[in-house]
Amino acid sequence: MAEEQNDPTSRRPMPPRPQPPRPDVAVEPLRPRQEEPTPSVLPKVATALWALTAALVLALAAAIGLNWESVLTGVETAVSQQDSTASAADVRNTASATLLSSGAAAAVLMLLGFVALNLLRGAATSSKVLMGAVGILTIGAAVTFSTFVSDASALLGGVLQWGPFVVAGTAAAATVVALLPRVSSRQ
């Protein structure tokens, strides 16, 4: 038996030590917890106004497309009054190029407006600059377009006379709403 007492492998394992009791600890944050603010509705309103602007541009484009020859004739009259020495082919080409380039510019401006509004949702600083520039360019393009089609304004119930100004108004409203500072409300 003396051998068993000296043999380290023959020992029984000691029971584990009891765990000491855990202290009661309470951690308080340095700053009080704030509720999440509700997002501003301004980006949604600006997007809705810009979508209305795009719809109005499409409606004007459809009205011009459905009455292409009569609108083109009206623009040709304006071009020929400015340059009486131009040939009929040059006048027609200039009038066609004016209408087509106006449509292309409107399409690009509408897309850039939606890009700016998408960036605005992420609160990108550059989005306000882009939206302001696109808004100003859209207003200017609409007013300029109204001068291009001024001789064709009697056509289509006068839609070419007041339509570009409605587009300019909705673009201005969308731009102003997009550029307003966002104030988040707390619940």
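Structural remarks
- Summing charges over neighbours of A86, with a neighbour being any other residue whose Cβ is under 14 Å away from its Cβ, gives -2 when K and R count +1 and D and E count -1.
- Entry note, the chain: the mean residue ellipticity at 222 nm calculated from DSSP H runs of n ≥ 4, each adding -39500 (n - 2.57), is -23000 deg cm²/dmol after division by the residues and rounding to the nearest 500.
- Selected from P18, P43, P29 as most flexible by GNM, with the chain as the system and alpha-carbon contacts under 10 Å: P18
- Computed over the chain: relative contact order in percent, which uses C-alpha pairs under 8 Å that are six or more apart: 35 percent
- Separation in nanometres of the label points that stand 7 Å from Cα toward Cβ, at Q161 and L180: 3.3 nm
- Label-point separation in nm, S150 to A107, each point 7 Å along Cα→Cβ: 2.8 nm
Every number in this text was worked out from the coordinates using simple rules, so none of it is lab data. Model, not experiment: these values are computed from the prediction. Backbone-built Cβ (ideal geometry, glycine too); neighbour counts: all protein chains shown.
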